[in-house]
2 protein chains.
Amino acid sequence: MSLPLAGVTVVDFSRILSGPYATMILADLGAAVIKVERPGRGDGARALPPLKDGKSAYFATLNRGKRSIALDFEDETDRALLDRILARADVVVENFRPGVLARHGLDWETLHTRFPALIHASVSGYGQTGPDAKRPSYDAVAQARGGMMAMTGAPGTPARAGGSVAELAGGMFLAHGVLAALYDRARSGTGRRIDVGLLDAQIAMMEQAVTQAAVGPAPEAAGTRHPLIAPSEAVAASDGPFVVSAGTDAQFERLCMCLQLPLSDDPRFVDNAARLAHARLLKRLIEAATLEHPRSYWLSRLTAAGVPCAPIQDMAQVLKDPQLMARNMIVDVLDRFGRATFKAPGNPIKISGMEDRPARPAAPELDGNRADILRWLGDG
Amino acid sequence: MSLPLAGVTVVDFSRILSGPYATMILADLGAAVIKVERPGRGDGARALPPLKDGKSAYFATLNRGKRSIALDFEDETDRALLDRILARADVVVENFRPGVLARHGLDWETLHTRFPALIHASVSGYGQTGPDAKRPSYDAVAQARGGMMAMTGAPGTPARAGGSVAELAGGMFLAHGVLAALYDRARSGTGRRIDVGLLDAQIAMMEQAVTQAAVGPAPEAAGTRHPLIAPSEAVAASDGPFVVSAGTDAQFERLCMCLQLPLSDDPRFVDNAARLAHARLLKRLIEAATLEHPRSYWLSRLTAAGVPCAPIQDMAQVLKDPQLMARNMIVDVLDRFGRATFKAPGNPIKISGMEDRPARPAAPELDGNRADILRWLGDG
């Protein structure tokens, strides 16, 4: 079987994170991605730390397996070449601030008139509409304004979720839009315009907090505690914390059995709503038991009993996690000589008939695939 | 224009969050979703707090506009009915633990033999393979094991990202897989199997942390600070913190101008790498200026100067944010009489020709659409 997106060509004007993450997902599903970069420095992510042998690990990860051509939107020869690329492409992805592409005659309206089947996908800080559409933004700005920071960390001490969740969610929703538009175009023959904002994407990741805030009382940051399930948080063993999350009555009963705690008939803990109302007390009672033994003792006992639990792993531990190894979720990014250089997250979308390779081709040099691309256009 | 997924029917066995979030995305794009629930209690999310007039706000949000039929997998009549539904469906979505569906003859292998065009999408705690495949999990477990908790919060005090980012990312990647398989099936005629694990999804959201940890030094939790961009964090104004994120040299220069700080020629702050190396010092210098005035003063000045910045909004503020209002990102969920009941996040995927409705139909009553579904099958 071929890759699900075999034959799909994506022209990618996007830089840094949200757009490149979307096109990485599409590339992992089989699309051919052509990065169109500005001559000279190219994608700003090429300079982001950490560097190894002068190459950005960050850039290498997000752009693995894509091709690159450097084109100046203002140069006549380059524009003619870009038009020929667009005429053969299925999708264009961009994350400029709204209005920038219009200055170059590359906005949706213009491109849709010229190439009616082309899908045009935009991700920007605030989306293409609304009072703040033209403002610049980044992940941290979206996390702050979108409620994620206030909901994260200890109460009263806002924290950033430890990954760029707003930018990545923006890229993920953009990829949904592109995929839905590709499916639709197979029937209609016409391309659509996708418009995603990082702030919108952040809100869409706050589903329970939005709902809770509207019903009241508004939820607050609560360390490791889950807002709607109890017990679900970090508890202390003799040598440090681990996470236990007993979402069903049966799991809670098994937890109590493991801890030799006679709680499951107590009316204060009889169902999740009752446990949630007494979550602070419940944590103390659990810890009175768990403090007696180290984490490894509890993790193996709880695992054997079918109670959801986990160590709080740092990134060094994550890189060696046997389940992640078995799932091919830490892959090697190769250099152009085929040598392993960087580690990167693998593809979380496993699909039958689609090979899940343990290594990925290198990210392109700036303008490194001009000759290939000319050949593909028939100039080779 | 019709909705991109018009005509697509999704049969949804999934419960609580990750699967229902995936089918909510598909429903927002135009798919018809039939929830198949166990008789009696149905989806466990129907009981999750907060409740309003006896209805779960959580369930109402995630299941808006879907239809429900209650079927017992072990009952012969129900099974015959389910088979007729599956024969007419395009996609089946489920989030049981691996092995559960096989006991009912509803696993991928069996269904693929009987219905070769049916796409089968599974999301589970650890995916369908690997040593931990059969273990139960939840969002908190995936966040802990996948590195998110250790990377979030103040150094040494792990925190949960304040939204169920692992479960939601699992649902989002599942939706990517379904959409890619639908596109592919339009050419091949054959369905595929999608397999997503919450732990895998969590890792895929840690892209920069995985890369950094492998190159070294491994990143650590840093409150509101961004690991690769400086300045990008919360800084103190006279009345509390706000977030500023100057990702480019030009933005940093404009920030310095607003703060009347003569730093942009200082070699310690000359580019992002230098600023990152001196991030703690830089924060002090910035705060020496920002502490002189309240947040509103700085937010309006920095906004006018084009420096990315934001207030740290709590959920009550988020619900009234004018940009989110303008983007239709806080929608009403109606009851079956058409009255507004709950607020929920809107659809972040804006697509041309697709109406972005400010209100959404109610979530179904358990078994509330049996008659409709029978009519659709031709029994009406």
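The values are calculated or read from the model by the stated rules, or taken from the named source; none is laboratory data. All figures in this text were calculated on a predicted structure; none of them were measured in a lab. So basically every Cβ, Gly included, is an ideal-geometry build from the backbone, and we count neighbours across all protein chains shown. To get the accessible areas, we keep the full protein, side chains included, count just its heavy atoms, and leave off ligands, DNA and RNA. Shrake-Rupley method; radii C 1.70, N 1.55, O 1.52, S 1.80 Å.
Quick look at the numbers
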{"quantity": "Options A:A304, A:A277, A:A289, A:A310: the member that is in contact with a strand residue (DSSP E or B) (Cβ under 8 Å, 6 or more places away or on another chain), in the same structural domain as A:A236 (by TED's automatic domain parsing) and among the aliphatic types (A, V, I, L, M)", "calculated": "A:A310"}
{"quantity": "Identity of the residue in the stretch B:54-99, within 14 Å of chain A (Cβ to nearest Cβ) and on the phi > 0 side of the Ramachandran plot, that ends up surrounded by the most Cβ atoms within 10 Å (Cβ to Cβ)", "calculated": "B:G99"}
{"quantity": "Search result, residues across the stretch B:165-178 that are facing chain A (nearest Cβ under 7 Å), touching a helix residue (DSSP H, G or I) at 6+ places or on another chain (Cβ under 7 Å) and either in contact (Cβ under 8 Å) with a residue 24 or more places away in the chain or polar (S, T, N, Q) (or both)", "calculated": "B:V165, B:L168, B:M172, B:F173, B:A175"}
{"quantity": "Count - residues of the stretch B:100-126 that are among the hydroxyl-bearing types (S, T, Y) and surrounded by 21 or more Cβ atoms within 10 Å (Cβ to Cβ)", "calculated": "3"}
{"quantity": "Output for the stretch A:143-164, where each listed residue is at positive phi and within 7 Å of chain B (Cβ to nearest Cβ)", "calculated": "A:G147, A:G153"}
{"quantity": "Residue count for the stretch A:230-251, restricted to those that are within 11 Å of A:P294 (Cβ to Cβ) and acidic (D, E)", "calculated": "1"}
{"quantity": "Of the criteria (1) open to solvent by 20 Å² or more (accessible area, probe 1.4 Å); (2) touching an Asp or Glu at 6+ places or on another chain (Cβ under 6 Å); (3) not aromatic (F, W, Y), which one A:P348 fails", "calculated": "(1)"}
{"quantity": "Every pair of residues 6+ apart whose Cβ atoms lie under 9 Å, when the first sits in the stretch A:127-142 and is on the phi > 0 side of the Ramachandran plot and open to solvent by 20 Å² or more (accessible area, probe 1.4 Å) while the second is among the aromatic types (F, W, Y) and outside any loop (DSSP other than H, G, I, E, B)", "calculated": "none"}
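Here is a yes/no grid of residues against (1) within 22 Å of A:T303 (Cβ to Cβ); (2) touching a Lys or Arg at 6+ places or on another chain (Cβ under 7 Å):
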site	(1), (2)
B:L81	no, no
B:I85	no, no
B:D107	no, no
B:T113	no, no
B:I119	no, yes
B:P131	yes, no
